[in-house]
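Written below as structure tokens is the structure these notes are about.
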Amino acid sequence: MIGKIKNKLKEVNNRNLEQKRSDELYAIGALFDTPDEIMDAAGKTTEAGYEEFDVNTPYPVHGMDQAMKLKNTMVGKTTFIFGFLGTTAALLMIGWMSGIDYQNIIGGKPFFAIPPAIPITFELTVLLGGLATAGLMLTLFNRLPWINNPLHDTNYIKQTASDKFGLVIYAKDKNFNIATVEGFLQSIGGKSIEKINFFEVREDRVRTPIFDFKFIALLAVVTVVTAVTAYGILRYVLFLPPFDFMWKQEKVLPQEKSTFFADGFSMRPPVEGTVSRGYIPYEYQGLPDSVVTLLANPLPINAEVLAKGKQRFDTYCSPCHGYYGEGDSRLRGQFPNPPSLHTDKVRQWADGNIYHVITNGQNVMSSYAKQISRDDRWAIVHYIRALQRALNAKDEDLN
Amino acid sequence: MSFDSTYTRELPLVPERSSFKEIDDVIFRPVEEAPTRKWFIAITISSLALMIGAVALANTFYFGIGTWGNNSTVGWGFGIVNFVFWIGIGHAGTLISAILYLFRQRWRTGIARFAEAMTIFAVITAGIFPVIHTGRPWLAAYLIPYPNQNSIWVNFNSPLLWDVFAVSTYFTISFVFWSVGLIPDIAAMRDRASGIKKRIYTVLSLGWRNSNRHWQHYERAYLILAGLSTPLVLSVHTIVSFDFAVAILPGWHTTIFPPYFVAGAIFSGFGMVATVLIILRKVYDMEHIITLDHLEKMCKILLATGSMVGYAYCMEFFMAWYSGYIFEQFVFINRAFGPYAWAYWTMFSCNVIFPQLFWFKKIRRNIPIMMLLVILVNVGMWFERFVIVVTSLHRDFLPSSWAMFYPTWTDLALLLGSFGFFFTCVLLFVKVLPSISLAELKAVTENAQPTHKHHH
Amino acid sequence: MEFHNKALPGKVSRIGFGLLITGLILMVAAFALDYRRAMFDYLTMFMWLLSLGLGSLGLIALEYISGATWSTPFRRVSEFLASLLPVMFLLVIPVVVGMKELFVWTDPQVVKSDAVLQGKEPYLNTTFFIARAAICLLIWVVFYFFLVRNSQKQDSESIPQYTKSNIRLSAIFTPIFMVTLTIIAIDFMMSLFPHWYSTIYGVYYFSGTLVAAYSALTLISVLLKEGNYLSSRINNDHFYSMGMLMFAFNIFWAYIAFSQLLLQWYADIPEETFWYIIIWEHSWKVVSIALFLVHFAIPFLVLMPRSVKTNLKKLKFMAIWMLVAHYLDLYWLIMPAYDHHSAVFGWQEIGFPLFAVGVVIVIFKMKARKTNIIPVGDPKLESGFNFHL
């Protein structure tokens, strides 16, 4: 079994890869042994007027560019252009993304500043410059890839890849003539002069199976189908992450049945003693007045507080207590009159006692804690004190 | 790639006058022959290390960064240390292939291709760590500024983002530089091969036919790529140093970090390159191409860059005192005498003290001692990153936040795995592609260039 | 040897002495008018001359330890420039004399009320300062003496021993060079702002020094080539390399300058940023922007194309440009200590650079009279001449 596989692999490996050649001549090549010879040869070829020719060496030979009278290469200019494009692109990108579109104050720095933009700008300059250099050098300037160049698989190319130097004159040169060129190459010392023909291009034969259209199409279809199916299954059927879009979470949904609690309710009442936000319990709730003496009026006595107290008193207290706290309310007997607020008892009460009555309620008076805020209650207390003083003024108050 | 054959010193570049065919055979031998036993043993060991790392990686992905030793105080541990370490190693490759090329140091020829390959593998290894240390690496695409539904962009002010651009660019350009350099050699392999290998090489070589019209553009592109790689190398490790130096943390925030990190990277990189080359030349009998002279030169560079690192240590230390900044002063006292003093003194001795032995020519030309010293350099530089990251974090401004960092088995396994990954890649490379640049080497042999000039 | 071992024309002496005397007169007048301002100007000039002298010695060492041969034909130029170093012993005297004007930490009253300066007192005190300066100068002069002596002796006996000896000296000198240069940069320039500090400062001055030294080398080499003092075998490739190194080291300078800026800008720590705030306000802002343009942006764009680096006239122009840029750099580093708010520039400032250039020319002429302009005995000279890219 393994033997069969091995043999099959060998057979595939040794399949005759020599491609047939047509009868059309592409070029004539000659080999030379030393760098000096090829330099001379190149010089003479240029002088002889040939333009469509080339030199093939295993490594770049110094001075050959001048011998072949080649123009200066423009690769450097492309580097500069694309590098500059990289710089501009980076600055525009950062400037727009950070400076305009998505402004965030980060570390107190301005939205767009030059110093932190420099590293990325530099990198993109180098990136674009480098990629353009390599890419354009290969594609634009060298017209590569050209895999089935007629020079391949010839003795010429094999030798010049190893240890010989070659000169080749193309058939498309305007001065080309087979006999003349052969003679010329011999005269300048070329050896192994070889005629190189184009490859035979058969319409029905596929040269390299990898690039067969049907194969690539099949590959593409399989890829697309696989990708779509996989995506579909993951996304719509299995809901595997990241396609679960956080639908399944560990939290409890309202009204959901609970397997954890015995009574099956997942919604639980709040814990004993829970209060709503902002609620401050009144610790003297329901207790007799006498314990309230510790409460002190936190508000200062000033015009503002008194005005507030008056407004609140007039609103909430005056219907029963009257505008001056004397108990002569507007209700005129429809509701029991409260006692006057100017009795000795009330006058000698601490502020906290009065506050306690408003908050707690007393006898027929209900608690006003829900209608009047704590601060307002204290303001009312100050106002009541002012009323009490008004009805019991001393002589100096009149001046 | 044109070198003047008269620009020479005592160093003969291909000492034994080999014919080009012999050079072909020597260089292509590891590629064309079946793997040797030594190679199999080596790759078994490295694959084992790699698999241990892979298990640790799976552990990290499944359970999260809690499997690492990081804590609130020491938020960056082995992950970042390993990242900086491997990026540093990558730099030596670029330095050898690009910077020495620009300085017309022809002795680089025998080791340049290999060094470039090491760069690429080191950068890949390094790049793994920032991705996995995020905790949710599957969201790594968020690092790239692309239009998205949340209408947000990445934080361009962050050095961590600069790292993304820098490391990606570095990898891309190094890969391009390496690939471009490989094209002529793959073409040569194509012309020697048959069967499936030939087809693969045909495609990969893009139809290169050694035409001088092509060489002209090619040489210029190669020079430009070398010229671009040089500032790129400096910028990448500078940006890595910015990760630390832009912070206000004492021990991190010091302006000398950029050149200090670059010098340190070159130092550690050369240490690794030397380690690997000493082994390689023995295993593949390339002692006459990667000669003792090459190794001696590398030792001199190690001495120079190690001294630069030492200079930076002294500057930091002096400035900590000079600044009068008590927190900075404490960092240095803590480094030398605190709970991680053992790491500090390992670093100091391996990076500054032992490399001073390279002043002596006898040591520079003694392979066993050299091997020990370069391994110590690797160790020392790893510890340098450890000292910088961990000792600065673990005791900073507020004593109530002080904590110790202890690596977990996952941390150590990932470190081992990174070495496994790197060496596996290197060993595969040595088998698949020529590890010495054929065309460059031929170009610098004696009598490779014409004797009379027709220019200027 | 097909170079002309002819003496430099008398015109050089005349120009040299002319500049020197004019500069001296203006300098003295400046000192008379505003002692403090002149002192700062003098310090700027001193550090510029030091860049040339010490930097050139550094270039010599660099050539030896890297084993480069392309620069061998020009090494003598660097040696002549390095002979500024013994002269520095004289030139440093006004700085020492004027220490009280320059450095606030010399004033005991200031130190008494400043806890930070008290902390630095073991380093920033007059005695230790002078001792450091003296020791550094001494070290430089000693290495200069031996390096140059070996090189000159090799003119008469062309034996490799001198080269080997110089390689050893250069290897020892290089780390010492970095350390001493850092010390002087910190002492003479960074301590002008004693509350400020930056670990990269030594490297910053080093990078500027290299640019200046290369520019001076390039300028003088081009001038010599034009006057046929150098061999005709020195070709465009040599100058291209020099231009390329000028370009590269300038980028290195910009890189160091940017690193320092970015890190201190980013961390935004008031103890550090106050220095950058000084140079970014009022008239100093103009100088800072000018520095960026003059020292980096313009030379970067101009020196990038290959054609400029092979054109001797353009190279000469850029070399002068870079020397001016380095002076501007030092002015930017030093003068804010004189006046935080305004960048002063008047006739007082002109005298100093004139004097400096005059000193360089005079020293060069003096050395050129007695010594060959090319190291004729150097074994690397042949391959240096044959250098081709």
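We did not get these values from a lab; they are worked out from the coordinates using the rules stated. Fair warning: this is a prediction, and the values are worked out from it, not measured in the lab. FYI the Cβ positions are ideal-geometry reconstructions off the backbone, even for glycines, and counts take in every protein chain you see.
Numerical summary
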{"item": "Among A:I100, A:I178, A:I196: highest mean-square fluctuation, GNM of chain A, C-alpha pairs under 10 Å", "result": "A:I100"}
{"item": "Relative contact order (%) - the stretch C:10-375, alpha-carbon pairs under 8 angstrom, separation at least six", "result": "34"}
{"item": "Sequence-distant aspartates and glutamates (8 or more away, or on other chains) whose Cα lies within less than 19 Å of B:K38", "result": "B:D285, B:E287"}
{"item": "Amide H contacts under 5 Å for A:Y26, placed H, 5+ residues apart", "result": "A:I196, A:N197, A:F198"}
{"item": "Dimensionless Rg ratio for the stretch C:10-375, taking C-alpha atoms and the 2.2 N^0.38 Å reference", "result": "0.99"}
{"item": "Trypsin sites (Lys or Arg not before Pro) restricted to DSSP loop in the stretch B:206-261 with at most 12 other C-beta within 10 Å", "result": "none"}
{"item": "Other-chain or far-sequence residues with amide H under 5 Å of A:F265's (modelled H)", "result": "A:S258"}
{"item": "Two-site FRET efficiency, A:T180 against A:N148, from Cβ-Cβ distance with R₀ of 30 Å, rounded to 0.05", "result": "0.60"}
{"item": "Lys, Arg +1 and Asp, Glu -1 on Cβ, resulting dipole of chain B about Cα centre, debye, nearest 20", "result": "940"}
{"item": "Footprinting exposure proxy for A:V222, A:V271, B:V240, B:V131 (fewest neighbouring C-beta atoms within 10 Å first)", "result": "A:V271, A:V222, B:V131, B:V240"}
{"item": "Distance from the stretch B:200-215 to the stretch B:240-316 (C-alpha centre basis), Å", "result": "36"}
{"item": "Charge dipole (the stretch A:13-79, unit charges on Cβ, about Cα centre) - positive-most of A:Y59, A:G43, A:G76", "result": "A:G76"}
{"item": "Tensor-based shape of the stretch A:1-110 (alpha-carbon gyration tensor, a/c under 1.5 rounded, otherwise prolate or oblate)", "result": "oblate"}
{"item": "Distant-in-sequence amide H partners of A:F53 (H built 1.01 Å from N, under 5 Å)", "result": "A:Y170"}
{"item": "The stretch A:289-398: translational diffusion in µm²/s, Stokes-Einstein, Kirkwood Rh over Cα pairs, 25 °C, 0.890 mPa s", "result": "173"}
{"item": "Computed FRET value (nearest 0.05) for C:N228 with A:Q103, which takes r as the C-beta separation and R₀ as 56 Å", "result": "0.30"}
{"item": "FRET E, pair C:D339, C:E157, Förster distance 45 Å, beta-carbon r, rounded to 0.05", "result": "0.20"}
{"item": "Cα-based convex hull volume of chain B per residue, rounded to whole Å³", "result": "180"}
{"item": "Label-point gap, in nm, between C:A29 and B:S168 - each point 7 angstrom along Cα→Cβ", "result": "6.1"}
{"item": "Residue-by-residue Karplus 3J(HN,Hα) for the stretch B:404-421, coefficients 6.51, -1.76, 1.60, Hz, glycine and proline x", "result": "9, 10, 10, x, 9, 4, 5, 4, 5, 5, 5, 4, 4, x, 5, 5, x, 4"}
{"item": "Between the stretch A:110-186 and the stretch A:27-44, the Cα center-to-center distance that results, in Å", "result": "20"}
{"item": "Rounded to whole Hz, the Karplus (6.51, -1.76, 1.60) HN-Hα couplings of the stretch C:194-205, x for glycine and proline", "result": "x, 7, 9, 7, 7, 5, 8, 4, x, 5, 5, 5"}
{"item": "Violating pairs (Cα-Cα greater than 30 angstrom) within the set A:K20/A:K77; C:K6/C:K316; A:K71/A:K191; A:K158/C:K309", "result": "A:K20/A:K77; A:K158/C:K309"}
{"item": "Where trypsin sites (Lys or Arg not before Pro) fall in DSSP loop in the stretch A:229-272, at most 13 other Cβ within 10 Å", "result": "A:K248, A:K251"}
{"item": "Peptide-level mean, for A:95-107, of C-beta atoms on other protein chains within 10 Å", "result": "3"}
{"item": "Compactness of the stretch B:251-324 as Cα Rg over 2.2 N^0.38 Å, two decimals", "result": "1.47"}
{"item": "Radius 14 Å from Cβ of A:G264, net charge of other residues (Lys, Arg +1; Asp, Glu -1)", "result": "0"}
{"item": "The stretch A:289-398: relative contact order in percent, alpha carbon pairs under 8 Å with at least 6 residues between", "result": "34"}
{"item": "Cβ charges +1 (Lys, Arg) and -1 (Asp, Glu), total dipole of the protein assembly as shown, debye", "result": "2140"}
{"item": "Range of Cα positions in the protein assembly as shown per principal axis (Å), largest first", "result": "143, 98, 58"}
{"item": "Rounded to whole Hz, the Karplus (6.51, -1.76, 1.60) HN-Hα couplings of the stretch C:164-170, x for glycine and proline", "result": "4, 4, 5, 5, 5, 4, 5"}
{"item": "Partners for C:K120 among lysines (Cα-Cα distance below 20 Å; same-chain residues under 8 apart left out)", "result": "C:K100, C:K112"}
{"item": "Which of B:I290, C:Y197, A:L140, positive extreme of dipole for the protein assembly as shown (C-beta unit charges)", "result": "B:I290"}
{"item": "10 Å Cβ neighbours from other chains, averaged over peptide C:321-329", "result": "0"}
{"item": "Ascending count of other beta-carbon atoms within 10 Å, so fewest first, for C:V324, B:V180, A:V61", "result": "C:V324, B:V180, A:V61"}
